[in-house]
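Data first, discussion second: the structure below is written as structure tokens.
The values are calculated or read from the model by the stated rules, or taken from the named source; none is laboratory data. This structure is a prediction, so every number in the text was calculated from the model and none was measured. FYI the Cβ positions are ideal-geometry reconstructions off the backbone, even for glycines, and counts take in every protein chain you see. Only protein heavy atoms, including side chains, enter the accessible area calculation; ligands, DNA and RNA are left aside. Shrake-Rupley method; radii C 1.70, N 1.55, O 1.52, S 1.80 Å.
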Amino acid sequence: MNKKTIKDLSKEELQGKRVLVRVDFNVPLNEKGEVTDNTRIVSSLPTIKYLLENGAKVILVSHLGRPKGKVKEELRMDPVARELEKLLGKKVHKVNQCIGEEVEKAVTELKEGEVLLLENVRFYPEEEAGDEEFARQLAKLADIYVNDAFGTAHRAHASTAVVAKFLPAYAGFLMEKELQVLGEKLNNPDRPFLAILGGAKVSSKIGVIRKLLEKVDILLIGGGMSYTFIKAMGYEVGTSLLEESMIEEARKIMDKAKELKVTFELPEDFVVAPEGKEGVPTQVVKWNQIPPDMGGFDIGPETVEKFGRFIAGAKTIFWNGPLGLFEVDAFAKGTIEIAKKVAASGAVTIVGGGDTIAAIKKAGVEDKITHISTGGGASLEFVEGKKLPGVEALLDK
Ligand code: ADP
Ligand code: MG
């Protein structure tokens, strides 16, 4: 990797220093305000522990939910502080602001090897605006800045990028791992390299599809986006998800796949229903025989088998986007079967996307995936070849 990481700092450089770490603690909470999935907190532990073990004073900052620049009581970081306390087995100090006198006092009182968690940084409109003065106030709290929040690295926010103008900036371990896996494994893949793309829309994935076409040997398309391709081939899709404005684009993608000799596969069959909800009658139809009054909500068994053959032969697999309306159990089967086949493939497997990760968890195979990228939007933008502001801002090696 061409960016400096915390491993590039010696023990002397960390001992007694105030280190501001941007983490991604954007965890789901239930109605009681309890953390229901601590994956993101767990993922940042290696960086936090390393800094503590080297005698740093660790100041953590994160966003939580979408408070949109206002204080929202239910989005305070206190439950996160308690969860982190449990995981670290030590006291986590918490303040109710991110900048200002009270915070500065708490930092002054912080001892070597202690942790302070700042308030939800998105309570400040200056955060998402990338405000320089706010970033300068944050920087004032510390001697060193570490970015370990890969999930927000595609945003040029005050705490993810702008703050690095005022402090020496390093990548944390999670950030390093994401960049390494996504960068190296996808750019120098063991072949055959297979990508599975699904999800609701072609339009939200178009950049990723184009970029992957240049890299992969096989591209499997499923989910809501597949109907736009089928329509582009001249067939009707009933009431299935369809993006009229993307039909021409879908045609171009299929032409490009031919030109690049990429094996491009669409579903063979679909589970169709009058509506995408539990308890409705369903039936399996061939891909080009969707009845006019029904929509496709999952891939069918023939597709699972066909996709499964490609998956079993692949050496590297990248997957983004569920292959059906997996949140509804009646339409989850295709996605879950594919998740199991990906997990059992023996290939290097990389999965990204918020909903795709939820599907992997629903299938219960998250432990059998080589790398689950913690960044939804960030991993897709990285795969697209876009520069991530939070990464660009770090010191070069
Ligand atoms: P990710 O978050 O993994 O990047 P997306 O947000 O692009 O994935 O897409 C996920 C959504 O697409 C899910 O909510 C899923 O229910 C929906 N979806 C997938 N296939 C279909 C379908 N055939 N009909 C309706 N919705 C679908
Ligand atoms: Mg999504």
Would it be correct to say that Ile196 is assigned to a helix (DSSP H, G or I) and within 16 Å of ligand 2 (Cβ to nearest atom)? no
Looking only at residues in region 209-226 that are surrounded by fewer than 24 Cβ atoms within 10 Å (Cβ to Cβ) and part of a helix (DSSP H, G or I), which one is farthest from ligand 2 (Cβ to nearest atom)? Glu214
Hey, Gly55 within 19 Å of Gln15 (Cα to Cα) and either among the hydroxyl-bearing types (Ser, Thr, Tyr) or in a loop (DSSP other than H, G, I, E, B) (or both) or not: yes
Checking the condition free of Cβ contacts under 8 Å to residues at least 60 places away in the same chain, assigned to a loop (DSSP other than H, G, I, E, B) and open to solvent by 20 Å² or more (accessible area, probe 1.4 Å), which residue from Arg82, Arg66 passes? Arg66
For region 227-241, indicate whether the set of residues that are in a helix (DSSP H, G or I), surrounded by 18 or more Cβ atoms within 10 Å (Cβ to Cβ), in contact (Cβ under 8 Å) with a residue 12 or more places away in the chain and touching an Asp or Glu at 6+ places or on another chain (Cβ under 6 Å) is non-empty. yes
Would you be able to say whether some residue in region 355-366 is assigned by TED's automatic domain parsing to the domain that holds Ser226, farther than 30 Å from Pro274 by Cα, at pLDDT below 95 and within 16 Å of ligand 2 (Cβ to nearest atom)? no
Would it be correct to say that Phe264 is touching a helix residue (DSSP H, G or I) at 6+ places or on another chain (Cβ under 7 Å) and more than 20 Å from Ala330 (Cβ to Cβ)? yes
Test for Phe297: is it open to solvent by less than 70 Å² (accessible area, probe 1.4 Å) and either at pLDDT below 95 or within 16 Å of ligand 2 (Cβ to nearest atom) (or both): no
Within region 358-379, tally of residues that are assigned to a helix (DSSP H, G or I) and either open to solvent by less than 30 Å² (accessible area, probe 1.4 Å) or farther than 18 Å from Ser44 by Cα (or both): 10
Checking Pro281 against (1) on the phi > 0 side of the Ramachandran plot; (2) in contact with a strand residue (DSSP E or B) (Cβ under 9 Å, 6 or more places away or on another chain), which single condition isn't satisfied? (1)
I'm trying to understand the selection: among the residues of region 325-354, which are open to solvent by less than 40 Å² (accessible area, probe 1.4 Å) and within 14 Å of ligand 2 (Cβ to nearest atom)? Phe326, Thr335, Val351, Gly352, Gly353
Tell me which residues, restricted to region 308-323, are open to solvent by 10 Å² or more (accessible area, probe 1.4 Å) and at positive phi. none
